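To keep things clear, I will list the structure first and then write my remarks on it.
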Amino acid sequence: MISVEHLTKCYGDFMAVEDLSFEIDEGHVYGFLGPNGAGKSTTMNIMTGCLSATAGHVRIDGHDIFEEPDKAKKLIGYLPEQPPLYMAETPVEYLRFVGEAKGLRGAELKAQIEDVIRQTKIEDVRNRRIQALSKGYRQRVGIAQALLGNPKVIVLDEPTVGLDPIQIIEIRALIKELGQNHTVIFSSHILSEVQTICDQILIIAKGKLVAFGEPQQLEKRLLAPNEIMITTDAGKEEVKILLSGVGHVTAAEIKETDGGLVTACLKTDHDDIYAVSRAVFEAFAANKLALLEMSLKKANLEDVFLELTESGGPDEKISEEEKKTK
Ligand code: ADP
Ligand code: MG
């Protein structure tokens, strides 16, 4: 449905989006997850034809957004981060204006306005001025205008920012509903929001794609245990030497406890953490040293998200793996 290939955007010397590639298939709700400044809005503005790219391609159903903008744009409805609402107008007046700009006329325009008003549940405020509406209702009007023209894809840039908790729940429910008849792409910097609404998550950090997949799949893979904790009564130096001889232990934080024991937290680059645990156990046994405790530490998705987005550079292993599983 949408193919983004090697998309790059520079603002002067600053590279806001760097070599971004991904495919969006029909019939899913995609969450574009990343901290502020990650490049979400830049990417969405380019995908919807509102901003030019420095390099790369975006195709909507085969139509290049820069070469065939009319055909490509017809397939997308967009709610930008700052929706261009006309405060003095009523939702109906505003929707008529946007509908006409999208080429709708007469009975078709009227029918579609009624349809999007119903879908976004703004019947009650249809004839009030937009400036008098709450932020939640304004956001609904913004979504309503994106739905005009019945585009296949709806792109929403941080639709829940600035809303109160009840409005957030309502907008999330609306996004889920839209997902039944449209391909939806929405951005957020809130992990839990993306987890609950989307069936596909793209994590973007510093302009790069760092992970892409189904929430459960990402969770399963990213949350695999990645640290081994051990406790021993051997000496700190002894433990250090012993661990340096165990393969695939990439880092070890060794500490003495108040009780006279030594604990170590080991990190590994091996996919099979149990194989590394076994090797640690065998190294202790071979040296006739006692392992008093051994456990595996799981990260939580919040930690993983922070790590992925703070480290910045894409985790090649993750994106390569994701490509294989796709
Ligand atoms: P996000 O939507 O994920 O918060 P943006 O796409 O808005 O991220 O911004 C990505 C980066 O590009 C940020 O560092 C931002 O400061 C920078 N940026 C965005 N728009 C412009 C612009 N018009 N000129 C210069 N820098 C910009
Ligand atoms: Mg943004």
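The table for this structure:
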| item | result |
| --- | --- |
| Qualifying residue in the range 176-187 (condition: over 28 Å from Ala111 (Cβ atoms) and more than 16 Å from ligand 1 (Cβ to nearest atom)) | no |
| Qualifying residue in the range 85-104 (condition: modelled with pLDDT under 95, within 21 Å of Thr42 (Cα to Cα) and either open to solvent by less than 90 Å² (accessible area, probe 1.4 Å) or touching a strand residue (DSSP E or B) at 6+ places or on another chain (Cβ under 6 Å) (or both)) | yes |
| Those strands (runs of 3 or more DSSP E) lying entirely in the range 214-311 with at least 3 residues under 27 Å from the mean Cα position of the chain (by Cα) | none |
| Positions within the range 178-196 being touching a strand residue (DSSP E or B) at 6+ places or on another chain (Cβ under 6 Å) and part of a helix (DSSP H, G or I), in sequence order | Leu178, Val194 |
| Test for Ile130: is it free of Cβ contacts under 8 Å to residues at least 40 places away in the same chain and either touching a His at 6+ places or on another chain (Cβ under 8 Å) or β-branched (Val, Ile, Thr) (or both) | no |
| Selection status of Ile201, touching a residue at least 40 places away in the same chain (Cβ under 8 Å), open to solvent by less than 60 Å² (accessible area, probe 1.4 Å) and either within 15 Å of ligand 2 (Cβ to nearest atom) or among the polar types (S, T, N, Q) (or both) | no |
| Scope the range 124-139; condition open to solvent by 80 Å² or more (accessible area, probe 1.4 Å), over 17 Å from Leu79 (Cα atoms) and in a helix (DSSP H, G or I); matching residues | Asp124, Gln131 |
| Odd one out for His28, checked against (1) open to solvent by 10 Å² or more (accessible area, probe 1.4 Å); (2) within 23 Å of Glu214 (Cβ to Cβ); (3) within 11 Å of ligand 1 (Cβ to nearest atom) | (3) |
| Count of the range 185-195 residues which are in contact with a helix residue (DSSP H, G or I) (Cβ under 7 Å, 6 or more places away or on another chain), closer than 15 Å to Leu156 by Cβ and open to solvent by 10 Å² or more (accessible area, probe 1.4 Å) | 0 |
| Residue ID - modelled with the lowest pLDDT, chosen from residues in the range 146-167 that are within 16 Å of ligand 1 (Cβ to nearest atom) and open to solvent by 30 Å² or more (accessible area, probe 1.4 Å) | Gly162 |
| Some residue of the range 168-177 being open to solvent by 10 Å² or more (accessible area, probe 1.4 Å) and part of a loop (DSSP other than H, G, I, E, B) | no |
| Members of the range 57-76 found to be closer than 17 Å to Leu20 by Cβ and open to solvent by 60 Å² or more (accessible area, probe 1.4 Å), listed by number | His57, Arg59, Phe66 |
| Checklist (1) open to solvent by 70 Å² or more (accessible area, probe 1.4 Å); (2) over 20 Å from Leu156 (Cα atoms); (3) out of contact with any Gly (no Cβ under 7 Å at 6 or more places or on another chain) applied to Glu81, failing item | (2) |
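Yes/no per residue for (1) among the polar types (S, T, N, Q); (2) under 25 Å from Pro35 (Cβ atoms):
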residue: Ser188; (1), (2): yes, yes
residue: Glu193; (1), (2): no, yes
residue: Gln200; (1), (2): yes, yes
residue: Gln216; (1), (2): yes, yes
residue: Pro225; (1), (2): no, no
residue: Lys236; (1), (2): no, no
residue: Gly260; (1), (2): no, no
residue: Lys267; (1), (2): no, yes
residue: Ala283; (1), (2): no, no
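The values are calculated or read from the model by the stated rules, or taken from the named source; none is laboratory data. All values derive from a computational prediction rather than experimental measurement. Every residue, glycine among them, receives a Cβ derived from its backbone with ideal geometry; neighbour counts consider all protein chains shown. Heavy atoms of the whole protein, side chains included, go into the accessibility calculation; ligands, DNA and RNA do not. Shrake-Rupley method; radii C 1.70, N 1.55, O 1.52, S 1.80 Å.
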